[in-house]
Each structure stands twice: as structure tokens, then as C-alpha cells.
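Here's the structure, in C-alpha cells; my notes come after.
The values are calculated or read from the model by the stated rules, or taken from the named source; none is laboratory data. Here the structure is a predicted model, which means the values were calculated and not measured. All Cβ positions, even for glycine, are placed from backbone atoms using ideal geometry, and neighbour counts span all protein chains on display. SASA here: full protein model, heavy atoms, side chains in, ligands and nucleic acids out. Shrake-Rupley method; radii C 1.70, N 1.55, O 1.52, S 1.80 Å.
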Amino acid sequence: MAFVSNFYSSSSTTTLKSDKHLTRTTRSLSTSTISSISRFFHKDSISFFPIRLNNIKPNQSVAKEVSSELSKIGSGVHLEKKGLEKDSEVLWQRYVDWLYQHKDLGLYIDVSRVGFTEEFCEEMEPRFQKAFKAMEDLEKGAIANPDEGRMVGHYWLRDPLRAPNSSLRLKIESTNESICKFADDVISGKISSPAGRFTQILSVGIGGSALGPQFVAEALAPDNPPLKIRFIDNTDPAGIDHQIAQLGPELATTLVIVISKSGGTPETRNGLLEVQKAFREAGLNFSKQGVAITQENSLLDNTARIERWVARFPMFDWVGGRTSEMSAVGLLPAALQGINIREMLAGAKLMDEANRSTVKNNPAALLALCWYWASDGVGSKDMVVLPYKDSLLLFSRYLQQLVMESLGKEFDLDGNRVNQGLSVYGNKGSTDQHAYIQQLRDGVHNFFVTFIEVLRDRPPGHDWELEPGVTCGDYLFGMLQGTRSALYSNDRESITVTVQEVTPRSVGALIALYERAVGIYASIVNINAYHQPGVEAGKKAAGEVLALQKRVLSVLNAASCKDPVEPLTLEEVADRCHSPEQIEMIYKIIAHMAANDRAIIAEGSCGSPRSIKVFLGECIVEDMYD
Ligand SMILES: O=P(O)(O)OC[C@H]1O[C@H](O)[C@H](O)[C@@H](O)[C@@H]1O
């Protein structure tokens, strides 16, 4: 507190005029104090100008302490922002100095609106060197996912020569060949359904086995693809019914691709069972229309082999679900929609090559640097991803899994509890400007933005001016630039990633960019990006709920088979299940069954749980719930 007051009184005014001024007024202060103040002011209060002070260390706790002390001072302190003119000069220089360009990909990254300093970069350098070394080892086949004892090989998928041995290389190459051949044969009608040429794809999968294909379909599928794609990515019966109903008679010419690395994910299994039922009811033979993408010898693989499905494609042990877009998971659906998957792979490969460089020339490292700066290396700010292009709508959803499942970890690699993460959300601009940008500009300052800009508005020859000198795309451009400026003027940081066009090549590059940024960031914060131990907890609990439901059904069945029927209270059900401590869950199970006409509330109502008496509508003599 004292040093903050002194700082202000020594500067004789509550206005900071320049960085030089800041340097002068802080000369007499200790290094750590200068560090704290400079980082705090620099980042949160005044501007994002690089401040050149020696020995500045990123020190979150002190910066936060300064922040809190300043907030106590309250309205007594008014910090004037730098004049716009001056800002624009220095900002332009910063823009030019830091602009990243990948010539072949036509991709740019602007980090000038993130306020990291040269000193911060220097401080971070050792961590980046460590991360680069870890990435090099990973690419050479190290066990980069120690908890699961696995290699992490998604980079080999687009550059098989980098695979650590020839057997892996051949597997990748032959899989890619067979994907292209299969897609060609399906599109040409050489491989067809009993009812004729395939016209539709129904993709059944969840998480990493759905989000990439969904994103790519939305981004790249032509207006009239050879096969249209639909997705079942949940165990919501109404959602599944909707997809099947939308297919209608075309179910007979639908290629069903079931995607699951493990081959045992419940939602995907349920989707498959529901689709198979629909096939039976339509008098269709599922095995003539089913394709499996899964690990060799998984339950799904064995089922597909035994039932002689149309085709099976491998998922490799060393490719995680959330980084599987360049494996059969993403490539097969894309190829079937007429998307040039060779170009996707080429874009990703070019990006990977660029990401083997030093920080300033390494686009993924630049992103990781910005993420670290903006979120204090602890996820203190959310990442809002705003593509200004409708076809990239699902990018943020795709990134949500890639980033949050990779970085959201309880422990670091040394076993310390760190509760790391980086939250991601966003849809698209300018649409979101009419939804939540108000809060971003004026409200709680808990985020930074990544704009995704696409320079080409629409294919050449189609543009027109809807008012003199202005096209529809100019508005979109203006909205992006305006929002970027408006956010910046209120000290909200942003990154802008620019691509020329949304093409298979640029989409491949974007995916590769973020895959690598996540890997590097994980290294600099010392966590395992490639496992997901937390996901298991929910799955295990869901299994326990379903096991309890079977016991409840068994108890209710026994009471419902009595003559006369014996309606039971919740307490009675819980006692007979030997689970009195589970009474709340038993209530929820019964309320769910009652809402679906599978249990009958004889007395009372679900709104007052203690009043309920319940029985089953029918008695099953041979209890099959046990
Ligand atoms: O491909 P699957 O084995 O069916 O897994 C699908 C998804 O399951 C879990 O939720 C994992 O956390 C995800 O990373 C994975 O993508």
C-alpha cells in the first residue's frame, strides 16, 4: 500500500504520461516493486506499450496485490490513457515488429494488442526452450503422455516421414491411401448400398470423434457435396430420432460411419444401437451400410469385423481423440464430402514446419506466449474465439475440447496440485456483437479475444457494392476492426489470426496451429496435455446411477407383482435397495421414469418428494433387472 501511495505522490499527479515517465518516477523504487507496478499498470490499467525496465519478472501474486491495493484507493486515482496519436504510432511499430506471416499459407498473426513486454519474452525464453525440446522429443516418439504410457503422434499423420519407425509410417500412408480410394469408390458408385449410390453420411461419435468432422464439414463442405453429412453426437433419444427422421427414405442410401477410438463409449454405442434399430424397422441390412473407425480389436472393431460391415479404418493408439482430425476420423468424412484432404494435410504439415522455429517466428509459440501473458499462466482469463466468417462457426467449439481437455488439469507433471486450464468460448462475428460483446467491452474483464479474420469475402466475380464503395464483406471487415479497436481502447487484449480464404489448406493449418500451441503451452506450464483423467469421474458416476436404477426397478417390480400391487414410498424403495443414503438419486430416477411412463405415481406428486408412492405399470414375472 505504502509504495503505491508513494508512487503516486512522487509523480505529483495521478496521470501517467509515458513509459519514460513511469521509468523516471520509479527509479528510486526496489526492483521487485518496479516489476510489480510496471506489470500491473502496463497490463491492466494504462496501455500495452512495451516498458523497458530491467529485471521485470512476471509476478502474479504481487501484481494482484497491487491491483487490489489500487482498487482500495478507488476513485482517488484516475489514470489517463495515452493520447490516441501517440498510441497509434507506437502501436503501429509494435504491429510491424511482431507481425507473423506465413507466406505459403497466406496466414498472419497479429499479437500487437497483447501487452507482453520484451522483458517478459526474455523471462519466458527458458520455458520455451524446454517446451521446444519436449516437442522435439515428442515428434521423435518419446512417451509424451506418461500417465497413459503413450507416444503422441498426431504430427506424423501429415508428415509420415517423421514417424519414429517405418512400420508406423507405412500404417499412416496405407490408411491415407485406403481412405482416398474408399471415398473415390463411394462417390463414383463403385461401392454402393443395396438401394443404390450412397447419398448421405450419418456420423455417430462424440467428443474428439465428432467435433473435428463437424467443424470441417461446416467450414469446407461444398454447397452440393457428393454425400451430405449428419451427426449423432449424443445419447439424446429425441436428437437421434430427429436425425433419422430427417434422413427419411434416404436411410436406404446412408453410409453410417461409427467413430470411436476406444470403441466402447456409451453415447456412441447407444447411437449405433438406435440407428441399427431404425435400419431393422426400415427392413434394411445395417452391415451393408456401416463403416467403423476405431482402434484395432476394440469392441466396435470386432463387431464390425464379425458383422462384415462395408469397411473398417484404424485409429491409432498414439493419436488422441481431440487431435485426430488428420486421422481417418476427420479425413474419411471429409473425403466423402468432396473435400481435398491432401490439401488439409499439406496445410497442417506446412504449419508444423513453421512451428519448429524460435518464438518470434513460431506462430504456435506466439499464441502460447500470448495465452500465458493474458491469463497469467494460470487461466485467469478466458479465451474468446471470434471467427468473422460463418463457415468457421464451429471452430471455437472444436477448440473448446482441444484446449480445455488438454489444459484443464488438476496436477502438474511433478504431482503438484495446480488446477490449470484455459476456458474457451465464442461463436462468430459479427453475430456475437449483438449478443455478449457489450459485456466484453464494458463489463467484467475476465477474457482476451482471438479474432479469426478471413480476407477473401466471397469467391471472385460475385461481389457487388450494396452502397457506393462498400460491399457486404466490407461491413464484416469493419465490424471486426471496430470491435478490435473498441476492446483495445478499454484495455481488452486481443490476438488476430488472418487467413486469405477458408480452404482445406488454411483449415488444416489452423488445426495444426492450435494443436501445437496447446502442446507448447502445456509444456510451459508443466502439465500433461494428452490425458483426460477428469472425464472418467463423470462416466463412472453415470455407470453407478444406471446400476442403482436397475436395483430400483427390481425392487419396484417385486412390489408391483404383488396382489394387490404395493405402491412404495421413496424411503421404502431406498431401504429395499439397501441404499438409504441414495434417496435423492432414487427420487430422481423415479421422477425420470414417471415422466417417461415407465413408473406410475400412485399417490402424491414429484413436486413434494416425501408424498410419493410409486409402482410399475406392469409386473415382469422373471425379474430381468437383477
Ligand atoms: O473416440 P472415443 O473413444 O469414443 O472417445 C470420445 C471422447 O471420449 C471422452 O470423452 C474423451 O474425454 C474424449 O477425449 C474423447 O474424444
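Listed values, structure above:
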| read-out | value |
| --- | --- |
| Cβ-Cβ FRET estimate between E410 and D241, R0 fixed at 30 Å, reported to 0.05 | 0.20 |
| Helix-only CD estimate at 222 nm, as mean residue ellipticity for the chain, using -39500 (n - 2.57) per DSSP H run (n ≥ 4) | -14500 deg cm²/dmol |
| Projected label distance in nm at D184 and S380, using a 7 Å step from Cα toward the beta-carbon | 5.6 |
| Whole-number accessible area per residue in Å² for segment 534-615, which is evaluated in the context of all protein chains at 1.4 Å | 57 |
| Amide H partners (placed H, <5 Å) of Q500, local residues excluded | L455 |
| Förster radius 51 Å - calculated FRET efficiency between N224 and L170, Cβ distance, rounded to 0.05 | 0.90 |
| Rg/Rg_ref, segment 361-433, where Rg_ref = 2.2 N^0.38 Å and atoms are Cα | 1.22 |
| Neighbour cut-off at most 16 other Cβ (10 Å), DSSP loop, trypsin sites (Lys or Arg not before Pro), segment 119-177 | K140 |
| Compactness relative to 2.2 N^0.38 Å, alpha carbon Rg of the chain | 1.13 |
| Gyration tensor over alpha-carbon atoms, segment 469-581, equivalent ellipsoid semi-axes in Å | 58, 22, 16 |
| Separation between Cα centres of segment 487-529 and segment 353-393, rounded to whole Å | 4 |
| Approximate spin-label separation D317-V545, in nm, with each point projected 7 Å along Cα-to-Cβ | 3.4 |
| 19 Å Cα-Cα reach of K409 towards aspartates and glutamates, excluding residues that sit fewer than 8 places from it in its own chain | D147, E148, D376, D382, E515, E536 |
| Share of carbon and sulfur in the accessible heavy-atom surface of the chain [1.4 Å probe, %] | 51 |
| Residues of type aspartates and glutamates that K103 reaches as a straight line, Cα spacing below 19 Å, ignoring anything fewer than 8 places off in the same chain | E343, D352, E353, E453, E501 |
| Segment Q93-C121, extension gain: residue separation times 0.36 nm, minus the distance between their alpha carbons | 8.3 nm |
| Debye, to nearest 20: dipole size of segment 511-568, +1 on Lys, Arg Cβ, -1 on Asp, Glu Cβ | 80 |
| Extension gain (nm, one decimal) between Q500 and R610, 0.36 nm per residue minus Cα-Cα | 33.3 nm |
| Extension gain, R576 back to E281 (0.36 nm per residue minus Cα-Cα distance, nm) | 102.3 nm |
| Spatial separation of Cα centroids for segment 197-237 and segment 571-588, in angstrom | 41 |
| Per-residue ³J(HN,Hα) for segment 324-341, Karplus 6.51 cos²θ - 1.76 cosθ + 1.60, θ = phi - 60°, Hz, x for Gly and Pro | 9, 4, 8, 9, 3, 3, x, 6, 5, x, 5, 4, 5, 8, x, 8, 6, 6 |
| Lysine pair number, Cα distance threshold 27 Å (strictly under), segment 534-615, separation 8 or more or different chains | 10 |
| Cysteines in the chain lacking a second Cys C-beta under 4.7 Å | C121, C180, C370, C472, C577, C606 |
| Prolate/oblate/rounded call for segment 154-339, Cα gyration tensor, a/c under 1.5 rounded | prolate |
| Cα extents of segment 307-457 along the three principal axes, largest first (Å) | 57, 47, 37 |
| Dipole of segment 154-339 [Lys/Arg +1, Asp/Glu -1 at C-beta], most positive-end residue of S324, G207, I191 | I191 |
| Cut-off of 10 Å, at most 16 other beta carbons, DSSP loop: longest stretch of the chain lacking such GluC sites (Glu not before Pro) | 81-295 |
| Cα-based reach from K130 at 17 Å (exclusive), listing aspartates and glutamates while leaving out same-chain residues under 8 positions away | E122, E139, D412, D414 |
| Neighbourhood net charge (15 Å Cβ-Cβ; Lys/Arg +1, Asp/Glu -1) for L476 | -4 |
| Residues of segment 154-339: accessible area per residue with a 1.4 Å probe, Å² | 40 |
| Selection from V518, S554, I583, by position along the positive dipole direction of segment 505-583 (Cβ) | V518 |
| Cα-centred dipole magnitude for the chain, charges only on beta-carbon of K, R (+1) and D, E (-1), debye, nearest 20 | 1200 |
| Solvent-accessible surface (1.4 angstrom probe) belonging to D442, in square angstrom, nearest 10 | 90 |
| Cα gyration tensor category, rounded, prolate or oblate, for segment 96-173 with a/c compared to 1.5 | oblate |
| Calculated over segment 534-615: convex hull of Cα atoms, volume per residue (Å³) | 93 |
| Segment 278-306 and segment 118-186: distance between their alpha carbon centers, rounded to Å | 30 |
